[in-house]
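> Next up is a structure, given as structure tokens.
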Amino acid sequence: RYLINRSNQTRTRRHHSHTFRNVKELKNAGIWLKASETSCLTDISFNRIFFVGKLWLPPITVDDSTGPKFMNLIAHEMCPDFDNDFTVTSYICFLDSLIDEAEDVKDLRDAGILYNGLGSDEEVAKLFNKMNTDLVPSPTIYNGVKRQIHNHCKNMWINYAAQAYHTHFRSPWTFLAFVGAIAALLLSALQTYYTIHQPK
């Protein structure tokens, strides 16, 4: 465990201004996971096209060295004489907020974001949950991303559209078939209209 000074306590109060969701909840809100082009810990972004959001995360390989490596870096950031922006601490907190259970890890793997060298997804979930004990992230790093995700998730119409998509269009072919059916109906309606209203 690491001691958290008064400035960190201030960050705690600010950090909870935006509650965050795990991968499963993000998927249900119509947010897809994508791998960023770099492995930089700050290369996390969010964008939205219509009702579909995309969360971009840097790829990470998790193995036996991951826990000790990150904990040493976090301990270094916690040193009172080390002036820094708590990048590593904030990254671990962010990733832990996404990972609650093995299913979340699996989704990260399927998206090409996480490479599991520990053996089981459950072990990875426990690792990040354990590393985040008593950690407080920076109030500025990822704040814009969190705000965008928060606004996306609280939009009622986006949630309805996302739920309908997940319920009825799990396969892209199903979605394309739906679009084709709508197009066919529109063409049929136009044909009927012009047949009725064609000049005599």
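> Please count how many residues of the range 53-69 are surrounded by fewer than 16 Cβ atoms within 10 Å (Cβ to Cβ) and over 21 Å from Asp121 (Cα atoms).
1
> Sticking with this structure for a sec: Being surrounded by 12 or more Cβ atoms within 10 Å (Cβ to Cβ), outside any helix (DSSP H, G or I) and at pLDDT below 85 is the filter here; which residues of the range 123-174 pass it?
Once the filter is applied, which keeps residues that are surrounded by 12 or more Cβ atoms within 10 Å (Cβ to Cβ), outside any helix (DSSP H, G or I) and at pLDDT below 85, the range 123-174 yields Asn155, Phe169.
> Would you point out which residue out of Phe70, Phe82 is in contact with a His (Cβ under 8 Å, 6 or more places away or on another chain) and either modelled with pLDDT of 95 or more or not in a helix (DSSP H, G or I) (or both)? Reasoning before the result, please.
On the way: Phe70 fails: in contact with a His (Cβ under 8 Å, 6 or more places away or on another chain).
Being in contact with a His (Cβ under 8 Å, 6 or more places away or on another chain) and either modelled with pLDDT of 95 or more or not in a helix (DSSP H, G or I) (or both) holds for just one of Phe70, Phe82, which is Phe82.
> Checking the conditions here, which among Asn84, Asn143, Asn132, Asn155 is closer than 20 Å to Thr66 by Cα and polar (S, T, N, Q)?
Asn132
> Looking at the range 95-109, which of its residues are surrounded by fewer than 23 Cβ atoms within 10 Å (Cβ to Cβ) and either touching a Cys at 6+ places or on another chain (Cβ under 6 Å) or not in a helix (DSSP H, G or I) (or both)?
Asp100, Glu101 - these are the residues of the range 95-109 that are surrounded by fewer than 23 Cβ atoms within 10 Å (Cβ to Cβ) and either touching a Cys at 6+ places or on another chain (Cβ under 6 Å) or not in a helix (DSSP H, G or I) (or both).
> Ala177 - would you say it is modelled with pLDDT of 75 or more, over 20 Å from Val23 (Cβ atoms) and part of a helix (DSSP H, G or I)?
No, not satisfied.
The values are calculated or read from the model by the stated rules, or taken from the named source; none is laboratory data. Treat the numbers as computed from the prediction; the structure is a model and nothing was measured. Ideal geometry is used to build each Cβ from the backbone, glycine not excepted, and the neighbour counts take in all protein chains shown.
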